[in-house]
Amino acid sequence: MGERKVLNKYYPPDFDPAKLPRARKPKNQQMKIRMMLPMSIKCNTCGVYIYKGTKFNSRKEDVVGETYLGIQIFRFYFKCTSCSSELAIKTDPQNSDYVVESGASRNYEPWRAKDEESDTAKRKRDSEELGDAMKALENRTEKRFRRVG
């Protein structure tokens with residue numbers, strides 16, 4: 001029993017680590033990991049809601065051929081808690097979010113709609129200001145008065 005607790009193992013003088021067989025892993029091997037669900041979803045098969053923070057044993061794989069600015073994209077597979085149908089989500093580094101790929105649909109989140117609305121308004125204002133210096137000046141003064149008043 002005491003031999004399991006030692007920190008240093010004995011290596012004989014003729015030991016050659018190069019002779020040890022190495023296991024080669026395929027490029028797209030799936031790893032089993034334990035993860036928490038990053039958003040609330042609804043299973044398309046049975047209709048049960050699975051809430052954010054639910055822990056799952058899932059399989060993680062690299063998405064071959066997809067990267068965003070050199071960042072690797074991952075896909076996660078897990079099973080529904082009630083009907084055991086397979087669900088898949090994928091990372092979305094462009095939006096710092098996840099995308100539900102199959103087996104489920106994402107629940108409506110009001111703060112996401114509000115953020116998207118403000119982003120579209122900002123993009124519209126920026127496109128107006130691009131060619132019109134007077135409009136840019138008007139928007140700046142209007143913004144300044146909103147902050148003060």
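The values are calculated or read from the model by the stated rules, or taken from the named source; none is laboratory data. Note that the structure is predicted; figures quoted are calculated from it, not measured. For neighbour counting, all protein chains shown are included, and Cβ atoms are generated from backbone atoms with ideal geometry for every residue, glycine included. These accessible areas exclude ligands, DNA and RNA; they are computed on the full protein's heavy atoms, side chains included. Shrake-Rupley method; radii C 1.70, N 1.55, O 1.52, S 1.80 Å.
Please name whichever of Ser85, Tyr11, Ser96 sits farthest to the positive end of the charge dipole of the stretch 1-117, dipole taken about the Cα centre and charges placed at Cβ: Lys and Arg +1, Asp and Glu -1.
Looking along the dipole axis, the top candidate is Tyr11.
Are any of the pairs Lys79/Lys122; Lys9/Lys79; Lys52/Lys122; Lys55/Lys124; Lys32/Lys114; Lys90/Lys124 more than 32 Å apart by Cα-Cα distance, and if so, which?
Beyond 32 Å: Lys79/Lys122; Lys9/Lys79; Lys55/Lys124; Lys32/Lys114.
Once you've got the GNM for the chain with C-alpha springs shorter than 10 Å, pick whichever of Arg75, Arg22, Arg106 has the biggest mean-square fluctuation.
Arg22
Given a 1.4 Å probe and heavy atoms of the protein chains only, how would you sort Met39, Met134, largest accessible area at the top?
Solvent-accessible surface, decreasing: Met134, Met39.
With the contact rule set at Cα under 8 Å and sequence spacing of 6 or more, what percent relative contact order holds for the chain?
The value is 15 percent.
Would you mind classifying the stretch 40-124 by shape? Square roots of the alpha carbon gyration tensor eigenvalues, ordered a ≥ b ≥ c; an a/c under 1.5 is rounded, otherwise it is prolate if a/b is larger than b/c and oblate if not.
Oblate, since a/c reaches 1.5 and b/c is not below a/b.
Distance between Cα centroids, the stretch 87-149 to the stretch 61-75: provide it in whole Å.
25 Å
Kindly write out, for the stretch 130-144 in residue order, the coupling ³J(HN,Hα) from the Karplus curve 6.51 cos²θ - 1.76 cosθ + 1.60 (θ = phi - 60°), rounded to whole Hz, with x marking Gly and Pro.
3J(HN,Hα) across the stretch 130-144, in whole Hz: 4, x, 10, 5, 5, 5, 5, 5, 4, 5, 5, 5, 5, 5, 5.
Please give the charge dipole size of the stretch 73-149, origin at the Cα centre, charges +1 on K and R Cβ atoms and -1 on D and E Cβ atoms. Round to the nearest 20 debye.
It works out to roughly 280 debye.
Work out how much length Thr141 to Lys79 would gain on full extension: take 0.36 nm times their residue separation and subtract the Cα-Cα distance, in nm to one decimal.
Once the chain is fully extended between Thr141 and Lys79, it gains 16.9 nm.
When ranked by the protection proxy of mean other Cβ atoms within 10 Å per residue, highest first, what sequence do the peptides 76-84, 42-50, 123-131, 8-16 form?
76-84, 42-50, 123-131, 8-16
Using modelled amide H (1.01 Å from N, peptide plane; none on Pro or chain starts), what sits under 5 Å from the amide H of Glu101, excluding residues fewer than 5 places away?
Hits under the 5 Å cutoff: Ala88, Ile89, Lys90.
Expressed in nm to one decimal, what extension gain is obtained for the pair Thr67 and Asp132 from 0.36 nm per residue of sequence separation less their Cα-Cα distance?
19.7 nm is the gain from fully extending Thr67 to Asp132.
Taking 35 Å as R0, compute the FRET efficiency from the Cβ-Cβ separation of Met35 and Ser118 and round it to 0.05.
On the way: r = 30 Å, r/R0 = 0.86.
Computed FRET efficiency for Met35 and Ser118 comes out at 0.70.
Charges only on Cβ, +1 for Lys and Arg, -1 for Asp and Glu: so what's the dipole of the chain about the Cα centre, in debye to the nearest 20?
The calculated dipole for the chain is roughly 660 debye.
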